[in-house]
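Working notes, beginning with the structure itself.
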Amino acid sequence: MSFEEITQKTYCPFAKPSKMGPGITIRTGDVENELAQHRDIISDFFRTAAERSRDGMIITFEDSTLGITLDALVDLTRRFYTTLTHMFSSVYIPDDPQPDERWYAMIEGELFFLVSFAPCYPETSPRYTHGDQRTYFLLQPASTFERNVKFIDRQRAGIHRAFAAVGKPYDARLANLENDMFKAVMPIDSPGQHIPWWEPEGSTAQEQQDRHQHTGL
């Protein structure tokens, strides 16, 4: 299984014809050091994404332990964004983010958001990897949605219905939040609750969700 094959199995019509940039593979659990070695590739992708009409780039994590559980994925997401803050001054993690605050990470002037696909997600999840034990981070530049906004608006309701019809529903309220931090890690058992991956290391995904139920998501 590869990410291309996972994409072909998705029920989102926007995903299949996407034009992707060069991919990056992180081969060990030393995420911080390996990711830093690819700074130039990441920088070039976002600097030229709009000009080249690129829809995303894939970062593949080959160490199966990095996404084998939801807690492991939360930890990986926190490590990933924290490493980006050291690599790019334009990336920052707010101390007390709110769901109605607009936030995207930004590199080379291009806003982007993250979608993760990991082995911890069951078959009922849109983030299911079909048995692939690797974890994939899809980084999507905002310019791709600006180019395709009319198509996306026309297809949005149909996309929701298509996923729901095969038992893979996702929460539209979470997807439509202004703050992308709240969407980076998709819950498994409680679709209406976000997972605050930015909280200090050591707290579990369930504990994080429990502490943040006041948001009403």
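Key figures
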read-out	value
Heavy atoms of residue 27 accessible to a 1.4 Å probe, total area in Å² rounded to 10	150
In nm, spacing of pseudo-spin labels at residue 47 and residue 71 (7 Å Cα→C-beta vector)	4.2
Residue 40 accessible area, assembled protein chains, probe 1.4 Å, Å²	120
Exposure rank, largest accessible area first [86, 130, 194; 1.4 Å]	86, 130, 194
Protein-only accessible surface order, largest first, of 101, 110 at 1.4 Å	101, 110
Most to least accessible of 68, 58, 195 (protein chains only, probe 1.4 Å)	68, 58, 195
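The values are calculated or read from the model by the stated rules, or taken from the named source; none is laboratory data. Note that the coordinates shown come from a computational prediction; the quantities given were computed from them, not determined experimentally. For neighbour counting, all protein chains shown are included, and Cβ atoms are generated from backbone atoms with ideal geometry for every residue, glycine included. Areas reflect the complete protein model, heavy atoms only, side chains present, ligands, DNA and RNA absent. Shrake-Rupley method; radii C 1.70, N 1.55, O 1.52, S 1.80 Å.
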